[in-house]
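*Asks:* Pasting a structure here, questions to come.
The values are calculated or read from the model by the stated rules, or taken from the named source; none is laboratory data. Just so we're clear, the structure is a prediction, and the values are computed from it rather than from any experiment. No Cβ is skipped: glycine too gets one built from the backbone with ideal geometry, and neighbour counts run over all protein chains shown.
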Amino acid sequence: MGQASFFHLRAASSAKGKLTEIGLISIGAIMLLETRLLIRSNRSFYFEGDELIDHSTKSIEIPKYIIVKNKATEELVPFLEMMRFKNVCIATQENLLELIPDIYDAIQSSHHSIYRVEERPNLNHLMSKLDSIHDMHPDALVGIGGGSVLDTVKFFGHILNIPLILVPTLASNDGICSPVVSVKLDNGRSDSLRARMPFALFADTSVICSAPKKYLFAGLGDAISNITAILDWELSAQTTDEQIDYFAKTLSVMSYKSLLNFKSANFGDVDFVETLVNSLITSGISMEYAGNSRPASGSEHMLSHAADVVFDRSFLHGHQTGFYTCVILKAYASDFYEKVLQLLCDLGFFSSLPEELFDRATFSEVLKISRSIRNRYTILNTLNDDQLLRIFDDTVSEIKYAISHASSEISKRNTLRTV
Ligand SMILES: [Zn+2]
């Protein structure tokens, strides 16, 4: 034990009038100890020779209320009243409020204002709307919708420092509870910006299940990509001086293992959908804890961002990351490869993918720019394009094989349109 921690333990013990061993410290002393460690967190380190020994604690922003269940949105209006919010700005898109009638009724009979969100707004557009949101003087921002809505309110909430309440109507990526927003720039590319975490999250599984299934596939593809993100993080820690944040890693691993270990995964099962939503939430919190996207974004995300540039039209983020996760697992010769392929195949994931993803020539273009997407050490640094193209070929063949050998009922909904 380092000197700094020992000092805290002794200080805490003596403050309770007891000279005890650590194991006998009373509950009250432990609480006092924790308080002191938190208060003194910036000083809980010292040098041992040239090496900095850091015992500081870490504080992060996570939602105070997370409700994930059937009819969760019924609790939103009572929650706003309980929190005494008087002037709420509700950001949403056409027709979405009709999915949630009690919120719609509450807005009609209140002073809450509505802000209509554009589909995939770019940064300039968001900046131009800041004044109008500010002039509403909202005491909370509520975002009801998919990625565009949630990104918009996270952006406004972060800059204007207003509490955020998110009501995702889709579970298509881990942005439902993350400190990151994806916005388009004038040059057509997207960038990830820092944002604030929500104060509360109401994920209604009945609403999420009623959305087109392609969004659930995308959520699955984004959640499962944490496997390769962690492999890349470990590879970087072995090869460079990058440090792993072990708690963030634990959260990320919990996120994907909850899906891999689910017995009889099936999107018709509301428990599985709830597990997927919780997995995406945990993934988002792992990024908040790490202070960056490392626990949930590795080479598979770099390929996906490169694909955003190469493809003429935009595809769902999670469709791309899920597919590239398979390619990268193959590159690692990971034990997870077959299990992930089987899970995705059984659920019909591959049938939801755009055919361009399976095209070798396009993948070659994606590879060319993938390493310049982000300054992040991954397995892409260790393999050349020819090696990765061979791995891509093998992965596509094995996906086809897995689909053709799936049970007849599964294969009916699983047929790959092209390859
Ligand atoms: Zn992602």
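*Asks:* Which condition does W233 not pass, out of (1) touching a strand residue (DSSP E or B) at 6+ places or on another chain (Cβ under 8 Å); (2) more than 19 Å from V117 (Cα to Cα); (3) buried (at least 24 other Cβ atoms within 10 Å of the Cβ), if it passes all the others?
*Replies:* For W233, the exception is condition (1).
*Asks:* With A331, A306, A361 as the choices, which residue is in the same structural domain as E398 (by TED's automatic domain parsing), assigned to a helix (DSSP H, G or I), without any contact (Cβ under 8 Å) to a residue 40 or more places away in the chain and out of contact with any Phe, Trp or Tyr (no Cβ under 6 Å at 6 or more places or on another chain)?
*Replies:* From the options A331, A306, A361, the qualifying one is A361.
*Asks:* I'm checking my understanding of the structure. Among residues of region 249-278 that are more than 12 Å from the ligand (Cβ to nearest atom) and either of a type in the set (G, A, S) or assigned by TED's automatic domain parsing to the domain that holds P198 (or both), which one is farthest from K69 (Cα to Cα)?
*Replies:* The extreme case among them is S264.
*Asks:* Related question: Got a number for residues in region 282-315 being among the aliphatic types (A, V, I, L, M), over 16 Å from G219 (Cα atoms) and within 13 Å of the ligand (Cβ to nearest atom)?
*Replies:* Of the residues in that region, 4 qualify.
*Asks:* Being over 22 Å from the mean Cα position of the chain (by Cα), touching a residue at least 40 places away in the same chain (Cβ under 8 Å) and in a loop (DSSP other than H, G, I, E, B) is the requirement here; does H111 meet it?
*Replies:* No: the conditions fail for H111.
*Asks:* State all residues of region 62-84 that are part of a loop (DSSP other than H, G, I, E, B) and either aliphatic (A, V, I, L, M) or surrounded by 18 or more Cβ atoms within 10 Å (Cβ to Cβ) (or both); if no residue qualifies, say none.
*Replies:* Passing the criteria: I62, P63, M83.
*Asks:* Within region 79-93, count every residue that is more than 22 Å from E119 (Cα to Cα) and among the β-branched types (V, I, T).
*Replies:* 0
*Asks:* On to the next question. Kindly indicate whether I224 is more than 29 Å from F79 (Cβ to Cβ) and surrounded by fewer than 24 Cβ atoms within 10 Å (Cβ to Cβ).
*Replies:* no
*Asks:* From the list L126, L96, L130, L141, which residue is at pLDDT 95 or above and either farther than 19 Å from A211 by Cβ or in contact with a strand residue (DSSP E or B) (Cβ under 7 Å, 6 or more places away or on another chain) (or both)?
*Replies:* L141
*Asks:* Here's another thing I want to ask about it. From the list T282, T275, which one is out of contact with any Leu (no Cβ under 6 Å at 6 or more places or on another chain), in a helix (DSSP H, G or I) and free of Cβ contacts under 8 Å to residues at least 60 places away in the same chain?
*Replies:* Checking each option against the conditions leaves just T275.
*Asks:* Anything in region 248-270 that is in a helix (DSSP H, G or I) and at pLDDT below 95? List them, or say none.
*Replies:* Selection gives V270 alone.
*Asks:* For region 312-353, how many residues are among the charged types (D, E, K, R) and touching an Asp or Glu at 6+ places or on another chain (Cβ under 7 Å)?
*Replies:* Selection size over region 312-353: 1.
*Asks:* What residue, among those in region 316-340 that are under 21 Å from the mean Cα position of the chain (by Cα) and more than 14 Å from the ligand (Cβ to nearest atom), is farthest from N381 (Cα to Cα)?
*Replies:* Looking at residues that are under 21 Å from the mean Cα position of the chain (by Cα) and more than 14 Å from the ligand (Cβ to nearest atom), I get V340.
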